[in-house]
Amino acid sequence: MARIIGALLAAAALAGCSTVRLAYNNLPEVSYWWLDTYLDFDGAQTPKVRDELAQLLTWHRQNELPRIASLLQEAQALAPHDVTAAQACRMADQIRERLLAVAERAEPAGTELALSLTAAQLQQLERKYAKNNADYRKEWLERSAADVQEKRYDRFLDRLEDFYGRLSPEQRELLRRQVAQSVFDPRLADAERRQRQQEALQLLRGFNAAKPSAAEARAAIHAYVMRIAEPPPGPWHDHQQALLQEGCRNLAALHNTASAAQREQAVRRLQAYHDDLRQLVAAR
C-alpha cells in the first residue's frame, strides 16, 4: 500500500487538487482491486484484506498526513529561492521515510495474508509477474534508445509544466540534455525487477511449505522489504544511487532556471496540496 499511496498521490497531484482527495479516500478500494489482480483473493481473505486496508488508511490519515503536510510546507518555503541538489535529496529522503513507515505499519497484516496464500494463488502471482515483465519489455526494452529518451522527456515535461507552468525553450533544451545524459538503464532495472519477483515467489512458497511462525515470517518479509529499500552493495545499488543523485541535481538545476512567475506557480501548487491534506486530516 505504500507503493500505491505514493503512486496515486503523485498521479492525483498532477490531475488537480480535488483529485488528490478523491484518490486518497478511495485508496482501500483501489488497493484491494490492485492486489486482487496479483493474488485472486478467496472468500475468506476478501473481507479481511478490505478491513485491513481501511484500517491502514485510517492510521495513515491520522499519523502520516500531518507529517506529509509539514514536508509540503518545507517545500513551499524553498520554492521561491534557488535550491541545491542536497536540499532536493533531503526532501526525497524524507518522503522515502514516510513510505517506509507505511510499509512497516502494514507488516503484521501483510504477514498474515502471506501465510494464508495457497499454491494456486502463488501461481496467479507468477502469471501476473510474467504479464508485467512482458508489458515492461514492450514499453522500455523493445524501443530504440532515442524512443526511450523521448518517452522520458515527455513524462518529465508533463510533470514540470503542471507544476511550474509552460517551460521556456531554454528550459526545455536543458531538460532534453538532462534526459540524454541520464544514467537510466531500463535493462538493469528489468533485471532487478525479475530478481525481486523471484525472491518474493521463493519466500512465499517457503511459507506455504514450511508454515513458519508469524514472527519468523514477519522477520523474513521485513528483510525482503529492506533489501528493496536499501539494496546491498552491487551494480543495482550503485545504479540506484546514481539515479537518485542525478535526479536531485537535475531538479535543482531546472528549478534554479525558473522565473519569478514560475516560482509563484509552484508555491500556489504546493499551498493547494497542503490545503487538500489539511482537509483530509480534518475529515477523519
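The values are calculated or read from the model by the stated rules, or taken from the named source; none is laboratory data. Values in this document were obtained by computation on a predicted structure and should not be read as measured data. Every residue, glycine as well, gets a Cβ built from its backbone with ideal geometry; the counts of neighbours run over all protein chains shown. SASA here: full protein model, heavy atoms, side chains in, ligands and nucleic acids out. Shrake-Rupley method; radii C 1.70, N 1.55, O 1.52, S 1.80 Å.
Once the C-beta distance of Thr46 and Ala120 is scaled by a Förster radius of 22 Å, the resulting FRET efficiency is 0.90 to the nearest 0.05. With each label modelled as a point 7 angstrom along the Cα→C-beta vector, the Gln271-His222 pair spans 4.3 nm.
So what's the gap between the Cα centers of segment 220-284 and segment 26-60, to the nearest angstrom? Comparing the Cα centres of segment 220-284 and segment 26-60, I get a distance of 26 Å.
Partner aspartates and glutamates whose Cα lies under 13 Å from the Cα of Lys211, excluding those fewer than 8 positions away in the same chain, are identified as Glu112. At q = 0.24 Å⁻¹ the log10 of I(q)/I(0) for segment 80-171 amounts to -1.14, computed by Debye summation with a single uniform scatterer per C-alpha, solvent ignored. Given that just one value was derived from the coordinates, which of (1) 1.08; (2) 1.00; (3) 0.90 is Cα Rg over 2.2 N^0.38 Å? Answer label, from the structure shown: (1). 3J(HN,Hα) couplings calculated from phi for segment 115-132 with the Karplus curve 6.51 cos²θ - 1.76 cosθ + 1.60 (θ = phi - 60°) are, in sequence order, 6, 9, 5, 8, 4, 5, 5, 5, 5, 4, 4, 5, 5, 5, 4, 4, 5, 4 Hz; Gly and Pro show x.
Got a number for the accessible area of Lys131? Probe 1.4 Å, square angstrom, nearest 10. Ignoring ligands and nucleic acids, Lys131 comes out at about 110 Å². The phi-based Karplus calculation (6.51 cos²θ - 1.76 cosθ + 1.60; θ = phi - 60°) puts the 3J(HN,Hα) values of segment 179-196 at 5, 5, 8, 5, 7, 3, 10, x, 6, 5, 4, 5, 4, 5, 4, 5, 5, 4 Hz, whole numbers, x for Gly and Pro.
Estimated purely from DSSP H runs of n ≥ 4, each contributing -39500 (n - 2.57), the mean residue ellipticity at 222 nm for the chain is -28000 deg cm²/dmol once divided by its residues. Extending 7 Å from Cα along the Cβ direction at Lys128 and again at Ala180 yields two label points whose distance is 4.1 nm.
Computed with a 1.4 Å probe on the full set of protein chains, the accessible area for Arg105 sits at about 130 Å². Under the classification rounded if a/c is under 1.5, otherwise prolate if a/b is larger than b/c and oblate if not, where does segment 240-283 fall, given a ≥ b ≥ c as square roots of the Cα gyration tensor eigenvalues? Judged from the Cα gyration tensor, segment 240-283 comes out oblate (a/c at least 1.5, b/c at or above a/b). Where does the Debye-calculated log10 I(q)/I(0) of segment 146-284 sit at q = 0.20 Å⁻¹, using only Cα point scatterers of equal weight, no solvent? Debye output, listed in q order: -1.11.
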